[in-house]
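Engineer: Provided herewith is a single structure, encoded as structure tokens, for subsequent inquiry.
The values are calculated or read from the model by the stated rules, or taken from the named source; none is laboratory data. For clarity, every value in this text was computed on a predicted model and none was experimentally measured. For neighbour counting, all protein chains shown are included, and Cβ atoms are generated from backbone atoms with ideal geometry for every residue, glycine included. Each accessible area value is taken on the protein alone, full model and side chains, heavy atoms only, with ligands, DNA and RNA left out. Shrake-Rupley method; radii C 1.70, N 1.55, O 1.52, S 1.80 Å.
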Amino acid sequence: MKVAVLGAGAIGAYVGAALHRAGADVHLVARGPHLAAMRQHGVQVLSPRGDFTVRVHATDDPAEIGPVDFVVLGLKANSYAACGPLIEPLLHGTTAVVAAQNGIPWWYFHAHGGPYDGQRVQSVDPDGAVSAVLAPERAVGCVVYAATELAGPGVVRHLEGTRFSIGEPDRSVSARCLALSEAMRAGGLKCPVEPELRNDIWLKLLGNISFNPISALSRATMRQMCLHGGTRKVIETMMAETLSVAEALGCEVGVSIERRLAGAERVGDHRTSTLQDLERGKPLELDVLLAAVVELAEITDVEVPTLRTVHAISDLLALRSAA
């Protein structure tokens, strides 16, 4: 199995290191000091499960790699539309693109069935710009339940979780999903193949849609947001509105809001990826988290006043931070 990780940041390098340990032919695409460190020292993983280092090919030029069986996308979703020159050298006729992203994916209604089948979510696929680069037929969905961060160039700190749920948009249990699951598990990760992966998407989104923008607006950690009474109430309301949209689309999350909050509190003083991006001056990945759900609420005629309010404020923050 030949795998390229396009955007080998904290999550991408962690997955790449695991697949390398399983014997896959892994290639990491990165840039800057992080790339230089991985070339010189390999990928160093610091984890409660045991530290380890792997030597794996790393480059900033996908043409050096050539076509692969799987492309794992570690890029932020807001850069998908512009990634064509990077991903094209990695593709052959049956290359699968594994989108390890938060929020609503560009392929959400591909092979969905029902009244919304094939509908475009404009917030995440404006005028089909992402689908033109990443054909939905190539997509394998991936919901990440692992928390990682870059402790330094070439150094991944694994905080908790090893689960990467994957699934086909058409709900089939495909040969390619089974092969990837087997390799991920051989590398020490959990990787169930979920026919109803959209349920997992909403479960993960339940936290991301609330904690991520609120953390950017307040500069607070997960624990701090959970322990502050007023903020906790806002997050509860955002979660309840999100569940209403999910249910209108036929999805079942299966976890109560209180349980989701308790799990977030246990994470402790972890800074969300959105807060980390804000602190580093990077673009904020809010369209797939908030704007998309507001759009889906309009499609399904669900009222989401709190989501709309937080989206308006955090969208202004994103615009100002990008200026």
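Engineer: Based on the Cβ-Cβ distance of R280 and E247, what FRET efficiency does E = 1/(1 + (r/R0)^6) give at R0 = 35 Å, to the nearest 0.05?
Structural biologist: That pair, R280 with E247, gives E of 0.45.
Engineer: With all protein chains present, how much of the accessible area of region 1-118 (probe radius 1.4 Å) comes from carbon and sulfur, to the nearest whole percent?
Structural biologist: 51 percent
Engineer: Let me have the 222 nm mean residue ellipticity of the chain computed from DSSP H runs of 4+ only, each contributing -39500 (n - 2.57), with the sum over all residues rounded to the nearest 500.
Structural biologist: -13000 deg cm²/dmol
Engineer: Using a 1.4 Å probe on the protein heavy atoms only, what accessible surface does D269 show? Give it in Å² to the nearest 10.
Structural biologist: 90 Å²
Engineer: Pop out the ³J(HN,Hα) list for region 61-72 in order, Karplus 6.51 cos²θ - 1.76 cosθ + 1.60 with θ = phi - 60°, rounded to Hz; leave Gly and Pro as x.
Structural biologist: Rounded to whole hertz, the list is 10, x, 5, 5, 8, x, x, 10, 7, 9, 10, 8.
Engineer: Stretched out fully, how many nm does the piece from L317 to A175 gain, at 0.36 nm a residue minus the Cα gap? It would help to have the intermediate numbers written out before the result.
Structural biologist: On the way: separation 142, 0.36 × 142 = 51.12 nm, distance 4.31 nm.
Stretched out fully, the L317 to A175 stretch lengthens by 46.8 nm.
Engineer: Tell me, what HN-Hα J-couplings in whole Hz come from the Karplus equation 6.51 cos²θ - 1.76 cosθ + 1.60 at θ = phi - 60° for each residue of region 209-220, using x for Gly and Pro?
Structural biologist: 5, 9, 5, 5, x, 5, 5, 5, 6, 9, 6, 9
Engineer: Could you tell me the accessible area of D51 in Å² (1.4 Å probe, neighbours in place), rounded to the nearest ten?
Structural biologist: My reading of the accessible area for D51 is about 110 Å².
Engineer: Looking at the chain as a GNM with Cα springs under 10 Å, which of A18, A135, A175 has the largest mean-square fluctuation?
Structural biologist: So, out of A18, A135, A175, the one fluctuating most is A175.
Engineer: Then there is this: Determine the shape class of region 181-323: with a ≥ b ≥ c the square roots of the Cα gyration tensor eigenvalues, call it rounded for a/c under 1.5, and otherwise prolate if a/b is greater than b/c, oblate otherwise. Mind dumping the intermediate values first?
Structural biologist: On the way: a/c = 1.42, a/b = 1.16, b/c = 1.23.
Taking the square roots of the gyration eigenvalues as a ≥ b ≥ c, region 181-323 is rounded.
Engineer: Could I ask something else about it? Return the aspartates and glutamates within reach of K233: Cα separation strictly under 13 angstrom, same-chain partners fewer than 8 residues apart disregarded; answer none if there are no such residues.
Structural biologist: E241, E258
Engineer: Between beta-carbons, use under 14 Å as the cut-off and find the net charge around G66, counting Lys and Arg +1, Asp and Glu -1.
Structural biologist: Combined, the nearby Lys, Arg, Asp and Glu give -4.
Engineer: Which value in Å does the Kirkwood hydrodynamic radius of region 62-168 take, with 1/r averaged over all unlike C-alpha pairs and then inverted?
Structural biologist: Result for region 62-168, one decimal place: 15.1 Å.
Engineer: If you don't mind, there's one more thing I want to ask. Rounded to whole Hz and in sequence order, give me ³J(HN,Hα) for region 151-160 from the Karplus expression 6.51 cos²θ - 1.76 cosθ + 1.60, θ = phi - 60°, writing x for Gly and Pro.
Structural biologist: Each residue of region 151-160 in turn: 6, x, x, x, 10, 9, 9, 8, 8, 6 Hz.
Engineer: So for R280, R223, R49, what's the accessible-area order with a 1.4 Å probe, most first?
Structural biologist: So, going from the largest accessible area down, we get R49, R280, R223.
Engineer: On a C-alpha basis, how far is the centre of region 9-77 from the centre of region 78-151 in Å? Whole number, if you could?
Structural biologist: 20 Å
Engineer: Under a 1.4 angstrom probe, counting protein chains only, how are K190, K2, K282 ranked by accessible area, largest first?
Structural biologist: The residues order as K190, K282, K2, largest area first.
Engineer: Can you tell me the relative contact order of the chain? Whole percent, Cα pairs under 8 Å, sequence separation 6 or more.
Structural biologist: 16 percent
Engineer: Considering only DSSP beta bridges with both partners in the chain, what is the antiparallel share in %, to the nearest 5?
Structural biologist: In the chain, approximately 30 percent of DSSP beta bridges are antiparallel ones.
Engineer: I would also like to ask the following. Looking at the chain from every direction and averaging, what is the projected area of its Cα convex hull in nm²?
Structural biologist: Numbers: hull surface 60.0 nm².
Over all viewing directions, the chain projects a mean Cα-hull area of 15.0 nm².
Engineer: Classify region 241-323 as rounded, prolate or oblate from the Cα gyration tensor: take a ≥ b ≥ c as the square roots of its eigenvalues, call it rounded if a/c is under 1.5, otherwise prolate when a/b beats b/c and oblate if not.
Structural biologist: oblate
Engineer: Tally Lys and Arg at +1 and Asp and Glu at -1 over the other residues with C-beta under 11 Å from the C-beta of M184: what net charge comes out?
Structural biologist: That sum, taken over residues with Cβ under 11 Å, equals +3.
Engineer: Once amide H atoms are built 1.01 Å from N in the peptide plane, which residues 5 or more positions from C191, or in another chain, come under 5 Å H to H?
Structural biologist: Excluding prolines and chain starts, which carry no amide H, the hits are F164.
Engineer: Label points 7 Å out from Cα along the Cβ direction at R55 and Q40: separation in nm?
Structural biologist: 1.6 nm
Engineer: Sticking with this structure for a sec: Could you tell me which of rounded, prolate or oblate describes region 22-99, using a ≥ b ≥ c as the square roots of the eigenvalues of the alpha-carbon gyration tensor, with rounded for a/c under 1.5 and, failing that, prolate when a/b is larger than b/c and oblate otherwise?
Structural biologist: Judged from the Cα gyration tensor, region 22-99 comes out prolate (a/c at least 1.5, a/b above b/c).
Engineer: For region 150-213, what value does the Rg/Rh ratio take when both radii are computed over Cα atoms and Rh is the Kirkwood radius, given to two decimals?
Structural biologist: Checking Rg against Rh, the ratio lands at 1.05.
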